[in-house]
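This report refers to the structure that appears directly beneath it.
The values are calculated or read from the model by the stated rules, or taken from the named source; none is laboratory data. All of these numbers come straight from a predicted model, not from anything done at the bench. Here the Cβ positions follow ideal geometry from the backbone for every residue, glycine too, while neighbour counts run over all protein chains shown.
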Amino acid sequence: MLPKSPTILAFDTSAAHCAAALLQGDTITTRIDEMAKGQAEHLMPMLTEVLSDAGLTWSDLDAIGVGTGPGNFTGIRISVSAARGLALGLSIPAIGVNGFEALTHGLPLPITALIDAPRGSAYLQHFTVDGPQAPEMIVVADHPIDGPIAPVLSAADHVANIARVAAGRLGQTQPRPAPLYVRAADAAPPRDPAPVILP
Amino acid sequence: MTKALTILGIESSCDDTAAAVVRLDDTATVLASVVKGQNDLHADFGGVVPEIAARAHAERVDICIEEALAEAGMTLGDIDGIAVTSGPGLIGGVLSGVMCAKGIATATGLPIVSVNHLAGHALTPRLTDAVTFPYLMLLVSGGHCQFLIAEGPETFRRIGGTIDDAPGEAFDKTARLLGLPQPGGPHVERAAQTGDAKAFTLPRPLLDRAGCDMSFSGLKTALLRARDAVVTEKGGLTEKDRSDLAAAFQLAVSDILFEKTRRALTEYFELQPKKRVFAIAGGVAANGPIRAALMALCAELETDFVAPPLNLCTDNAAMIAYAGGVRLLAGQSDDMTFKARPRWPLDDRAPALLGSGKKGAKA
């Protein structure tokens, strides 16, 4: 049964931070610990602290919300893997929320969401009244954007929206959270071609 | 009797995602072992692509764990501790396993132990054959090649290893050069069956030097040159050329491992072990002719030859559960701040063979 005022812990490590939001009914508290590296060591103790600061334990949670990117590939895998482990250990759902959904939460359509990518690029997704279009990666300077753009959010507002979007999906069947990379893995076939095999 | 422990093991350091349940008391029993390979994902690229491997692990670790628990007929409530590979290996994959393990341990309150992947391999002869210390171990796979004297559950002395590539990697490269499918090991072995190893002369690098260190990089280059010479002459390779080249390459690897193992055994015998044991682990241990050569050597030197069954010889999580369980039984565990480590030599006293730059030794 759906809890009337759910308790959800959301977190995100898609950029240079460990970000957490604890949603309890209508209230949300957030914590952002900035760090360029070391998220894998810092994340679990920090989340346990966020809960204990609110007088809660892990067993009080109804769901986990997790930021699935796009962003730093290693960073999004850290959070997604942790969320999947927590879901398995707690027998509660882990709900993946991507950065575009967090940025556009509650905004009127149509709207475009942009997330910084390396080397002057950005990840982009258009949301129309007919639904979201496929996300893509663009070079910002070459790609003028028509129509409204979702305002940039602070890390705290971003992770709070991950918690809100996750809360809206409670009770629905959820796929396991999976990273949203947008960009394909860098991999090239071997340069040396295979030899011709003679009859 | 020792208190029985049931351990969940997790492994994701290369291109296999694995989970296992092992019961440990005075003996060790593998209750479940699940391994999901990624050969199909990497086949087009002629080798393991780290980012592709990491992406696969991130979406498979928890599923493997559920399958292993189901296979053992258990739930997390039946588990006493979690053991996870935290290095050395491809860091993206290692991180996925480590974070999933930390998530489960945090959620359940179960103790967690960080396990060195190489220790998992090196302790496997104790899991499968209850071998006693000290024994000599040859770990030979796609990513590793080293001789270790196992003196205790956490005491390993590395007495030699490759200074460049691992033989498994050389088999993969050979398969690429000869137009054979990946992974190279079994395909090169099959092609070599009908080949004449004497048709081509390939070098045995470092055999002329004392000690147990090995090199396989020059062998790869020599094979490339031999192949190119044939291609230049005929415009391609005949099936016979391909078999001959495969056979010549395989014999060179076998000769190197044979002679270096002889030297490693001599060094091991100086410890005067009550029972002489040589154990082999890693994917290359599955190669028939190499295995036969090393068995013959052990027979000649009155040494027991131990090769764990193939599913425990190649990457798996049962070995991680076992190695972690040994640490848990000794009263050790880790907190949630332990790191995933791309580089983590098992023997940090031996001089670095690989990656001796400022980041330190690789393995």
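With a cut-off of at least 3 residues that are among the β-branched types (Val, Ile, Thr) and buried (at least 24 other Cβ atoms within 10 Å of the Cβ), name the strands (runs of 3 or more DSSP E) lying wholly within region B:99-161.
B:112-116
Name the residue that is farthest from the other protein chains (Cβ to nearest Cβ), counting only residues in region B:11-55 that are of a type in the set (Gly, Ala, Ser) and over 25 Å from residue A:186 (Cα atoms).
Step one: of region B:11-55, the residues of a type in the set (Gly, Ala, Ser) are B:12-13, B:18-20, B:28, B:32-33, B:37, B:43, B:46-47, B:53-54.
Going one step further and asking which of them are over 25 Å from residue A:186 (Cα atoms), we end up with B:19-20, B:28, B:32-33.
Numbers: B:19: 11, B:20: 16, B:28: 25, B:32: 16, B:33: 18 Å.
Ranking the candidates gives B:28 first.
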Could you check region B:61-89 and list, in sequence order, the residues that are buried (at least 24 other Cβ atoms within 10 Å of the Cβ) and part of a loop (DSSP other than H, G, I, E, B)?
B:88, B:89
Would you confirm, using the coordinates I've provided, whether residue A:59 is polar (S, T, N, Q), within 11 Å of chain B (Cβ to nearest Cβ) and either within 23 Å of residue A:181 (Cα to Cα) or touching a Cys at 6+ places or on another chain (Cβ under 7 Å) (or both)?
no
Which condition from (1) at pLDDT 95 or above; (2) within 11 Å of another protein chain (Cβ to nearest Cβ) is the one that residue A:37 breaks?
(1)
For residues that are buried (at least 19 other Cβ atoms within 10 Å of the Cβ) and either part of a loop (DSSP other than H, G, I, E, B) or charged (D, E, K, R) (or both), tally how many sit in region B:221-271.
5
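Yes/no per residue for (1) polar (S, T, N, Q); (2) closer than 29 Å to residue A:73 by Cβ; (3) within 14 Å of another protein chain (Cβ to nearest Cβ):
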{"site": "B:93", "(1), (2), (3)": "no, yes, yes"}
{"site": "B:96", "(1), (2), (3)": "yes, yes, yes"}
{"site": "B:100", "(1), (2), (3)": "no, yes, yes"}
{"site": "B:124", "(1), (2), (3)": "yes, no, no"}
{"site": "B:140", "(1), (2), (3)": "no, no, no"}
{"site": "B:152", "(1), (2), (3)": "no, no, no"}
{"site": "B:187", "(1), (2), (3)": "no, no, yes"}
With the checklist (1) surrounded by fewer than 19 Cβ atoms within 10 Å (Cβ to Cβ); (2) assigned to a loop (DSSP other than H, G, I, E, B); (3) not acidic (Asp, Glu) in hand, flag the one item residue B:212 doesn't pass.
(1)
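Residue by residue, here is whether (1) modelled with pLDDT under 95; (2) under 13 Å from residue A:65 (Cβ atoms); (3) in contact with a Leu (Cβ under 8 Å, 6 or more places away or on another chain); (4) surrounded by fewer than 16 Cβ atoms within 10 Å (Cβ to Cβ) holds:
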residue	(1), (2), (3), (4)
A:115	no, no, yes, no
A:125	no, no, no, no
A:145	yes, no, yes, yes
A:155	no, no, no, no
A:159	no, yes, no, no
A:171	yes, no, yes, yes
Note on residue B:8: of the conditions (1) within 14 Å of chain A (Cβ to nearest Cβ); (2) within 16 Å of residue B:315 (Cβ to Cβ), unmet is (2)
Which of (1) out of contact with any His (no Cβ under 8 Å at 6 or more places or on another chain); (2) surrounded by fewer than 21 Cβ atoms within 10 Å (Cβ to Cβ); (3) assigned to a loop (DSSP other than H, G, I, E, B) does residue B:337 not meet, given it meets every other one?
(1)
Confirm whether residue B:355 is within 27 Å of residue A:74 (Cβ to Cβ), among the small types (Gly, Ala, Ser) and modelled with pLDDT under 95.
yes
Answer yes or no: is there a residue in region B:272-289 that is touching a strand residue (DSSP E or B) at 6+ places or on another chain (Cβ under 8 Å), aliphatic (A, V, I, L, M) and assigned to a helix (DSSP H, G or I).
yes
How many residues does region A:1-27 contain that are within 17 Å of the chain's Cα centre (by Cα) and assigned to a strand (DSSP E or B)?
12
